[in-house]
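Notes to accompany the following structure.
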Amino acid sequence: MSKSIGIFDSGIGGTSIFKEIHTLLPNENFIYLADSKNAPYGNKTKEDILQLSIKNTELLINEGCKLIVIACNTATTNAISYLRANYDIPFIGIEPAIKPAALNTQTKTIGILATKGTLSSHLFHKTTNLYASGIKVIEKVGEGIVPLIENGKLDSNEMRTLLEIYLEPMLKQHIDFLVLGCTHYPYLIPMLTKMLPEHVKIIDSGLAVAKQTQAVLTSNQLLNTSNDKTSIKLYSNGNVDMLNSILDNQFDTSYLDF
Ligand code: DGL
């Protein structure tokens, strides 16, 4: 079916997920919403995160999307059950990849960096209790990281200083996995790789989300079988240049007031 896959995030971070899905499903059409005007979601109340998620969902449904990917851990953990119960369209969410880290840790200690909204959510606690009982999970709120990324300061001294602060207690307690629980954070992997000892593995959920999107489209017979040229549109209600630059100017981006 040639209708678009809709994707939203609090800003430009969800493009890390968009890129994974686009690589796996190059024949699909996409509409991406970067709600940068309202970033970060991570410090907002559950009710505010829900209302923003509803706004983004309704826009994508009005645009005729066939499936929605919530490319935001904060919005998924706080709003996906409501959205699934109230809108008749498949939703794919993203949650921190606690399970593979907990299954593979040798030191029985893993670190997770995510937003306050994700770490305090009921869904996150449920997942952690389910998969990581008996494992020490060191949680850190990545306060300040998302605003720096949204403002083009990905590779900055301020970023390095923040990461040092968040990683220090994790390394002291001998984590061997670092779970990235926010879709903005995969863009930090080059910096994190330089900062972490070699034996600490970094895990994010991007590829798993792409595979899940493929599976749900397949089982609902929603894959695009048309041979027409694909349409990929990315919208920001904030700084479009930032959206463009995180995607290396490869896609059609524009401003939209939503
Ligand atoms: N990219 C988002 C996430 O995965 C949200 C970050 C934020 O807006 O605080 O959680």
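When residues in region 19-49 are screened for being touching a residue at least 24 places away in the same chain (Cβ under 8 Å) and within 12 Å of the ligand (Cβ to nearest atom), 12 of them pass.
Do you know which residues across region 1-15 are within 12 Å of the ligand (Cβ to nearest atom) and under 19 Å from ALA215 (Cα atoms)? Passing the criteria: only ILE7. If we scan region 171-178, do we find a residue that is in a helix (DSSP H, G or I), more than 16 Å from the ligand (Cβ to nearest atom) and farther than 25 Å from THR77 by Cα? Within region 171-178, one or more residues are in a helix (DSSP H, G or I), more than 16 Å from the ligand (Cβ to nearest atom) and farther than 25 Å from THR77 by Cα.
In this structure, VAL216 does not qualify as at pLDDT 95 or above, buried (at least 18 other Cβ atoms within 10 Å of the Cβ) and on the phi < 0 side of the Ramachandran plot.
Among residues belonging to region 89-107 that are touching a Phe, Trp or Tyr at 6+ places or on another chain (Cβ under 7 Å) and of a type in the set (Val, Ile, Thr), point out the one that is farthest from GLU58 (Cα to Cα). By that ranking, first place goes to THR105. Across region 116-156, the qualifying residues are those that are among the hydroxyl-bearing types (Ser, Thr, Tyr) and assigned to a loop (DSSP other than H, G, I, E, B), and the one among them that is surrounded by the most Cβ atoms within 10 Å (Cβ to Cβ) is SER121. Within the set ILE17, ILE49, ILE31, the sole residue that is of a type in the set (A, V, I, L, M), assigned to a helix (DSSP H, G or I), in contact with a strand residue (DSSP E or B) (Cβ under 9 Å, 6 or more places away or on another chain) and buried (at least 21 other Cβ atoms within 10 Å of the Cβ) turns out to be ILE17. Once region 172-191 is narrowed to residues that are without any contact (Cβ under 8 Å) to a residue 60 or more places away in the chain and either of a type in the set (Asp, Glu) or surrounded by fewer than 18 Cβ atoms within 10 Å (Cβ to Cβ) (or both), the residue that is farthest from PRO40 (Cα to Cα) is LYS172.
The values are calculated or read from the model by the stated rules, or taken from the named source; none is laboratory data. Since we're looking at a predicted model, the values are computed, not measured. Note that we place each Cβ from the backbone using ideal geometry, even for glycine, and neighbour counts take in every protein chain shown.
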